[in-house]
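What follows is one structure encoded as C-alpha cells, with my remarks underneath.
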Amino acid sequence: EPEVTQTPSHQVTQMGQEVILRCVPISNHLYFYWYRQILGQKVEFLVSFYNNEISEKSEIFDDQFSVERPDGSNFTLKIRSTKLEDSAMYFCASTPPSREQYFGPGTRLTVT
Amino acid sequence: QKEVEQDPGPLSVPEGAIVSLNCTYSNSAFQYFMWYRQYSRKGPELLMYTYSSGNKEDGRFTAQVDKSSKYISLFIRDSQPSDSATYLCAMSDPSNFGNEKLTFGTGTRLTIIP
C-alpha cells in the first residue's frame, strides 16, 4: 500500500543552522501539508500546499520557514535559522481528492 | 474555549473490553472527522474517516458523529494489547477545498491490560 515517506528520521542541528526536511507524498495525491508536534503536545498545522503554492500558513510558519516541491515528487520544509523551540516531530501529510489525510512517519528535529 | 477538546487520559482497560474515546468541538464549520492512532514517536495512522452524522463501522472500530451536539466518538470492540497507543481525533472545515488543515485534539493515551 502506498505511503508517505520522510527523511531523515532524526536530525540533530545546532541553533542558527539551516535544516531541510524531506517528504515524498503518495503519488496521486494533490494536496500537501506540514504539521509539527512538540513532545507531549498536540499536533499543530504549519502549512498547506497545492498547485505549487502555499494555500495557508499558520502563525508558527514565519519567515524562517519555507516549503518547496522542487521536482514533482519531493516536498521539502526548510528552516533557515533554527531555534531551540523548533525542536519537535515534523510530519508531512498528503490528501487525495477524497480528502482524508495520510501522514508520514515524521522527522524528529533536535536543536542544540 | 478550545476548538477541539479530548480527554488526555490515561485510560487503562482489560483486554477484550469495549473502549470509548470521545472528542467535543466548538467550531460548527468542522464537517470532516478523522481518528488516528499514534504510537510513541511515530506518525499518526489513519483509522477512521467520516463526514456524516451517525455511525461508521470498520472491523472492530466504530466512529460515531453527532453534529448537533458537536461530539464524536470512537469505539473499539474486543480490545487487544496491540491497540495500546495514543488516539487522536482530528477535524477539518471542507469549505476551502484543497486546504483542509486538520485541527487535532490532544490525544487520549490508551493501555489495554492483558
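Here are some notes:
- Antiparallel bridge percentage (DSSP; both residues within the protein assembly as shown; nearest 5): 90
- Listed values for the range A:22-36 are Karplus-derived 3J(HN,Hα) couplings in whole Hz (6.51 cos²θ - 1.76 cosθ + 1.60, θ = phi - 60°), namely 10, 9, 10, x, 5, 4, 9, 7, 10, 10, 10, 9, 10, 10, 9, and x replaces Gly and Pro.
- Estimated vicinal HN-Hα couplings, Hz - the range B:102-114 in sequence order (Karplus 6.51, -1.76, 1.60; Gly, Pro = x): 8, 10, 9, x, 6, x, 10, 7, 10, 10, 9, 8, x
- Rounded to the nearest 5, the antiparallel percentage of DSSP beta bridges internal to the range B:4-113 is 90%.
- Separation between Cα centres of the range A:1-38 and the range B:27-106, rounded to whole Å: 23
- By average C-beta atoms within 10 angstrom, highest first, the peptides A:18-28, B:27-37: B:27-37, A:18-28
- Relative contact order (%) - the range B:4-113, alpha-carbon pairs under 8 angstrom, separation at least six: 38
- Relative protection proxy for B:99-112, A:31-44, from highest mean packing down: B:99-112, A:31-44 (other beta-carbon atoms within 10 angstrom).
- Neighbouring partner chain Cβ atoms per residue of B:30-41, average, 10 Å criterion: 2
- Relative contact order (%) - the range B:65-112, alpha-carbon pairs under 8 angstrom, separation at least six: 39
- Sparsely packed loop sites in the range A:61-112 (the trypsin sites (Lys or Arg not before Pro) outside DSSP H, G, I, E and B with at most 15 other Cβ atoms within 10 Å) comprise A:Arg80, A:Lys83.
- Rounded if a/c under 1.5, otherwise prolate or oblate - the range A:5-106, Cα gyration tensor axes: prolate
Read-outs: derived from the displayed coordinates by stated rules, not from any lab. Computed from a prediction, not measured in an experiment: that's the story for all the values here. Cβ atoms come from the backbone with ideal geometry, glycine included; neighbour counts cover every protein chain shown.
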